[in-house]
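A.B. asks: Right, I'll just put the structure down here and ask away after.
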Amino acid sequence: MKIGVLGATGLLGHHAARAVRAGGHQLVLIHRPSSRIERLVYLEPECRSADLLDHQALTRALSGLDGVIFSAGYYPTKPRRWQDEVASALNQSNHFYAACLAARVPRILYVGAAIALPRHPQGLPGHEGLFYEDMPRWRNDYLLCKWALDEQASEQARNGLPVVIGIPGMCLGEFDVGPTTGRLITAIGNGVMRRYVPGRRNLIDAADAGRGLLLALERGRVGERYLLIGHNLDMRELTERIATRLGVAPPQPLSLSAAKLLAGLGRLRYRLTGKLAMLDDTTIAVMAGGQFLDGRKARDELGFVAETSLDATLERTIQWFRDNGYLR
């Protein structure tokens, strides 16, 4: 198969691209003209340049593919009104789906986020059948963007586009340029994160997640969600494990209400100085907005089971950050 990947310069997209090549497929990287793709040349991809908002260029880039993995999902980075963030997220992906329709792409995988699922009403691990009856009450930019994008992907499938939804747990791994979720590790290691917001998480190795995304594209049923899970653990255990491996003191818990207050002060500071806060709404959502996850559907329908131990994931990720100068 000839499979395109959008967002391959990011953590998940990079590992999805590696999985495509490992699976014996032809890899096509669809990237912005300004993207730095030199770190991906070792995968020997075909490269096609297109901006997400350039319909004609994106349609050309998607033409002739047997499938595409869309891992370039919107991620709020600066304090704005949540309405503006959601509108930007939906506008960006609307252009992607329109180009897929024009190019007649036969298989489309949208890479979603577990926070788009409401928590299980009985406190059990979350599953693919959980949907919000209405808009989430928590007016958190990151949560609302991921919820809106999940709704949009399902609607596109109902309208006839061959969209499958793959939802990995929280990913850690090599090639986290930026970093993104790996900022949890670098912040603890560099002494700038001394507090965490308690919450439940499911953590998966990014390499396992990339393999699961490929399986979802290849075998998933159109319109269905698939949770790609690793290890269920709470933030206390995760931060303590990270701190122990880094040889530093572990962060201490901070209540959600106190974290929201600090995030509000951070937004005010940004408006006055233009300096981004370390503890922002997205970071709070990542720590506090999760739940344990149930991966039986992906196991039964896709044959997906995570293979990497939590210790191996943390060890490899920390070493990559050290080797690339992220840890002082």
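The values are calculated or read from the model by the stated rules, or taken from the named source; none is laboratory data. This is a predicted model, so every value here is computed, not measured. Using ideal geometry, Cβ is built from the backbone for each residue, glycine included, and neighbour counts are taken over all protein chains shown.
A.B. asks: Leu268 versus (1) part of a loop (DSSP other than H, G, I, E, B); (2) at pLDDT below 75; (3) not charged (D, E, K, R): which is the lone unmet condition?
C.D. replies: (1)
A.B. asks: With the requirement that a residue be without any contact (Cβ under 8 Å) to a residue 12 or more places away in the chain and exposed (fewer than 15 other Cβ atoms within 10 Å of the Cβ), what does the range 37-76 give you?
C.D. replies: Glu38, Val41, Tyr42, Gln56
A.B. asks: Identify the single condition in (1) modelled with pLDDT of 75 or more; (2) within 17 Å of Ile188 (Cβ to Cβ); (3) outside any helix (DSSP H, G or I) that Met278 does not satisfy, given that it satisfies every other one.
C.D. replies: Going through (1) modelled with pLDDT of 75 or more; (2) within 17 Å of Ile188 (Cβ to Cβ); (3) outside any helix (DSSP H, G or I) one by one, Met278 breaks only (1).
A.B. asks: If the requirement is being within 19 Å of the chain's Cα centre (by Cα), more than 23 Å from Val86 (Cβ to Cβ) and crowded, with 22+ Cβ neighbours inside 10 Å, which of these qualifies: Gly210, Gly166?
C.D. replies: Answer to the check: Gly210.
A.B. asks: Give the range 57-82 a look and list any residue that's farther than 13 Å from Ser93 by Cα, modelled with pLDDT under 95 and in contact with a Phe, Trp or Tyr (Cβ under 9 Å, 6 or more places away or on another chain), or say none. It would help to see each step written out before you state the result.
C.D. replies: So the first thing to find is which residues in the range 57-82 are farther than 13 Å from Ser93 by Cα, and the list is 57, 59-68, 76-82.
Remaining after also requiring modelled with pLDDT under 95: 76-82.
Scanning the range 57-82 gives Pro76, Lys78, Pro79.
A.B. asks: Additional query: Go through the range 1-105 and tell me which helices (runs of 4 or more DSSP H), entirely inside it, have 3 or more residues that are within 23 Å of Ala206 (Cβ to Cβ) and touching a strand residue (DSSP E or B) at 6+ places or on another chain (Cβ under 9 Å).
C.D. replies: Values: elements: 11-22, 55-62, 82-103.
Result: 11-22.
A.B. asks: Which of the following residues is under 23 Å from Gly166 (Cβ atoms), at pLDDT below 95 and not acidic (Asp, Glu): Ala50, Ala17, Ala89? Walk me through how you get there before you give the answer.
C.D. replies: Values: Ala50 fails: at pLDDT below 95; Ala17 fails: at pLDDT below 95.
After ruling out the rest, the residue left standing is Ala89.
A.B. asks: State yes or no: is Ala243 assigned to a helix (DSSP H, G or I), within 15 Å of Asp311 (Cα to Cα) and among the small types (Gly, Ala, Ser)? Write out each step before concluding.
C.D. replies: Details: assigned to a helix (DSSP H, G or I): yes; within 15 Å of Asp311 (Cα to Cα): yes; among the small types (Gly, Ala, Ser): yes.
It is true that Ala243 is assigned to a helix (DSSP H, G or I), within 15 Å of Asp311 (Cα to Cα) and among the small types (Gly, Ala, Ser).
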